[in-house]
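The values are calculated or read from the model by the stated rules, or taken from the named source; none is laboratory data. Keep in mind that what you see is a predicted model, and the values were worked out from it rather than measured. So basically every Cβ, Gly included, is an ideal-geometry build from the backbone, and we count neighbours across all protein chains shown.
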Amino acid sequence: MHCFLFRLSLLWTVLALLARFPASGDAAAAEKINASYGAISGSMAPIWVAKEARLFDKQGLDLNLVYIPGGPRSIMSLIGNSVQFVNHSGMPALEAYQRGADTVMIASSMNQLEHAVMGEKSITSVDQLRGKVLGISALGALTDIILREALRYHGISEKEVTIIPVGDEGARLSSLQTGRVQAVIISGIQRRTAAQLGFRQVIDLAKLPIEVSGSSIQVRRSYLAQNPEITLKFLKAWIEGGFLFKAKPEFSLGVLKKYVANRDPEILNAIYELNKHQLSTKPVPYVRVVKSMMLLLARTRPDLPSANPEGFIEARFINELDKTGFFEEMSRQYGK
């Protein structure tokens, strides 16, 4: 009897210990991470596709993906460790780096702007922006910096206009519709919608002679040092999402429909075709692009301390994936 009770007790002890450890392949074994994206724009499609196609799960990552509009808010969340990865323009993270933060860009899939200044129907030329109220997302955000650069390029002083923060893409379009502002800087689906509503494109920022990282991955260097394997897995999933986006239009259009909350096939197809060609499947972060962004920041943020542009770049993960044949494998699987 005592022997039976001892064996029963031992069995319960073993079962209790086993319960603490997930079985191999159990979802509970996945590494939990938080990531944010910063715009309702086709430039964010790779991370949306990777999430919906469970490519992060494939890499053993349990990804919580959140929308944080506005670069400054995204970087505050990154520095505060609320998120570990940010998919956004590189500009706000670069400014934080120049102010002493350990933010770093590890990949960039788009090095051009997709924004436009859209104005009221009565505004037929850039010169007519003088005296008008212009809407941006937030002070210090990418929209703020590149709007001021666009005005400077076209010979309009910032003192000749009034620039106010009105919120994300949807809020900017709404402020244009209600007459709160006479023009806004806008991108993605809202730019297409504004054109459909009859608002005029006053400035196409893609035509400015500048390079800006429009969709990149930013992390903290302290996180990289402690989590190189997780970082590599995240990039694998995100990059595969870009390949899948280009190779599977039907699936990708369904993802776009979900994330941009629009069912208009004309708009969805236009966004898909634009980003299919603009997004790079080998997202190398280039120092020359950082230098271009630093020049923009210097014009609008004269108080920023100088910094080494190479220090904002960490290309070793992309280089490692290249050396190990990851991009060739993706090309074989999805086509170039």
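When each of 210, 203 is tested for being outside any loop (DSSP other than H, G, I, E, B), touching a residue at least 24 places away in the same chain (Cβ under 8 Å) and hydrophobic (A, V, I, L, M, F, W, C), the lone residue that passes is 203.
What tally of residues in segment 123-151 results from selecting those that are of a type outside the set (A, V, I, L, M), farther than 29 Å from residue 68 by Cα and touching a helix residue (DSSP H, G or I) at 6+ places or on another chain (Cβ under 8 Å)? Talk me through it step by step, then tell me what you get.
Applying the first criterion (of a type outside the set (A, V, I, L, M)) to segment 123-151 yields 124-125, 127-128, 130-132, 135, 137, 140, 143-144, 148-149.
In the following step, the residues that additionally are farther than 29 Å from residue 68 by Cα were identified as 124-125, 127-128, 130-131.
Checking the rest, the ones that are also touching a helix residue (DSSP H, G or I) at 6+ places or on another chain (Cβ under 8 Å) come to 130-131.
Looking only at that region, the number is 2.
Of all the numbered requirements in (1) touching a residue at least 24 places away in the same chain (Cβ under 8 Å); (2) surrounded by fewer than 21 Cβ atoms within 10 Å (Cβ to Cβ); (3) closer than 25 Å to residue 314 by Cα; (4) out of contact with any Phe, Trp or Tyr (no Cβ under 8 Å at 6 or more places or on another chain), residue 242 misses one, and that requirement is (2).
One line per residue, one yes/no per condition, for (1) outside the structural domain of residue 90 (by TED's automatic domain parsing); (2) touching a helix residue (DSSP H, G or I) at 6+ places or on another chain (Cβ under 7 Å); (3) surrounded by fewer than 18 Cβ atoms within 10 Å (Cβ to Cβ):
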site: 265; (1), (2), (3): no, no, yes
site: 276; (1), (2), (3): no, yes, yes
site: 284; (1), (2), (3): no, yes, yes
site: 290; (1), (2), (3): no, yes, no
site: 302; (1), (2), (3): no, no, yes
site: 314; (1), (2), (3): no, yes, no
site: 321; (1), (2), (3): no, yes, no
site: 324; (1), (2), (3): no, no, yes
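Scanning segment 125-147 for residues that are modelled with pLDDT of 95 or more, at negative phi and outside any strand (DSSP E or B) yields 125, 126, 127, 128, 129, 130, 132, 147. Restricted to helices (runs of 4 or more DSSP H) entirely inside segment 1-98, those with at least 1 residues that are more than 17 Å from the chain's Cα centre (by Cα) and at pLDDT 95 or above are 55-58, 91-98.
The residues of segment 64-81 that are farther than 22 Å from residue 115 by Cα and crowded, with 24+ Cβ neighbours inside 10 Å amount to a single one, 78.
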